[in-house]
1. Yes or no: region 162-172 includes at least one residue that is crowded, with 20+ Cβ neighbours inside 10 Å, within 16 Å of L141 (Cα to Cα) and acidic (D, E).
2. Every residue in region 229-242 that is more than 10 Å from the ligand (Cβ to nearest atom) and either at pLDDT below 95 or aliphatic (A, V, I, L, M) (or both), please.
3. So, in region 116-170, exactly how many residues are aliphatic (A, V, I, L, M) and within 16 Å of the ligand (Cβ to nearest atom)?
4. Are there any pairs, at least 6 apart or on different chains, whose C-beta atoms fall under 7 Å, with the first in region 92-114 and of a type in the set (D, E) and the second within 16 Å of the ligand (Cβ to nearest atom) and in a helix (DSSP H, G or I), and if so, which?
5. State yes or no: is V124 closer than 23 Å to T174 by Cα, aliphatic (A, V, I, L, M) and touching a residue at least 60 places away in the same chain (Cβ under 8 Å)?
6. E167 fails exactly one of the following numbered conditions: (1) at pLDDT below 95; (2) touching a His at 6+ places or on another chain (Cβ under 9 Å). What is the number of that condition?
7. Would a scan of region 78-89 turn up a residue that is within 16 Å of the ligand (Cβ to nearest atom) and in a strand (DSSP E or B)?
8. With respect to the numbered conditions (1) under 26 Å from A62 (Cβ atoms); (2) at pLDDT below 95; (3) within 16 Å of the ligand (Cβ to nearest atom), which one is the sole condition not fulfilled by G175?
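The values are calculated or read from the model by the stated rules, or taken from the named source; none is laboratory data. Note that this is a predicted model, so its numbers are computed, not measured. Every residue, glycine as well, gets a Cβ built from its backbone with ideal geometry; the counts of neighbours run over all protein chains shown.
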Amino acid sequence: MRKPIIAGNWKMNKTPAEAAQLVTELAPLVADASCDVVVCTPAVNFAAVAEAIKGTNIKLGAQNMHWKESGAYTGELSAAMLKACGVEYVVLGHSERRQYFGETDATVNLRTVAAVKAGLTPIVCVGEKKEEREAGYTNALVVYQTLIALTGLTAEEVAKKVVIAYEPVWAIGTGLTATDEQANETIGVIREGIRSVYGDAADEVRIQYGGSMNPKNAKGLMAQPEIDGGLIGGASLKAEDFSKVVGFDK
Ligand code: PEP
């Protein structure tokens, strides 16, 4: 019922020429995908990637955006700027933004609402740190993060215009992955949290898993009923690896 979405988060990697080469290699490998395929590239690469993905099924994504339309916010980008470059998706609240750049649940919410109102699809990242899982807070925390991020959206918007990425912080870039069952269970908890406020929208909203997902573990994760795709960091930087993950779309 829910169309999976597999998105690559390139983080701070690739120049425009390298980015164009990567998507040019990727395009034929994912041409038959039955899921949505997105590459979230640094903003300097938007033009090169937008040109290279013309006529393909690959969509362009950004890695962050500001919630204001314009103004004195040095270094920031608005939703309108992203849209003008052909961006359709934007990663928001990534744990690296939260950890290194002071991103909070409140600002993730402002960004999420601004993205949806502007017609972009936010990929909203939530997830617990290792010590939070060990202390037994995972379920409460991920539901809290999710509901704060979505505050101000209608059930219709939550159902159709938002993607959630469940990314346990301890699994990002570490080579550690949540087990298939852990990821499925926590995503199920997030879905029930969404149901408590937005009712049946919970059945439609897509919730990805992210955290060291790669061609070896993607099959098991993607087979889980609650998991609607992946947000892929390291393994999205090589066309062949990313295309293999995409190959496990349901
Ligand atoms: C990410 O950056 O969202 C991510 C999941 O990274 P990695 O796949 O490298 O763990």
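1. For region 162-172, residues crowded, with 20+ Cβ neighbours inside 10 Å, within 16 Å of L141 (Cα to Cα) and acidic (D, E): present.
2. Residues of region 229-242 that are more than 10 Å from the ligand (Cβ to nearest atom), as a first pass: 229, 238-242.
Residue satisfying the conditions is A239 alone.
3. Counting residues in region 116-170 that are aliphatic (A, V, I, L, M) and within 16 Å of the ligand (Cβ to nearest atom) gives 9.
4. What qualifies is E103/R97; D105/Q145; D105/A149.
5. In short, no.
6. (1)
7. The answer is yes; a qualifying residue exists.
8. Of (1) under 26 Å from A62 (Cβ atoms); (2) at pLDDT below 95; (3) within 16 Å of the ligand (Cβ to nearest atom), only one is false for G175: (1).
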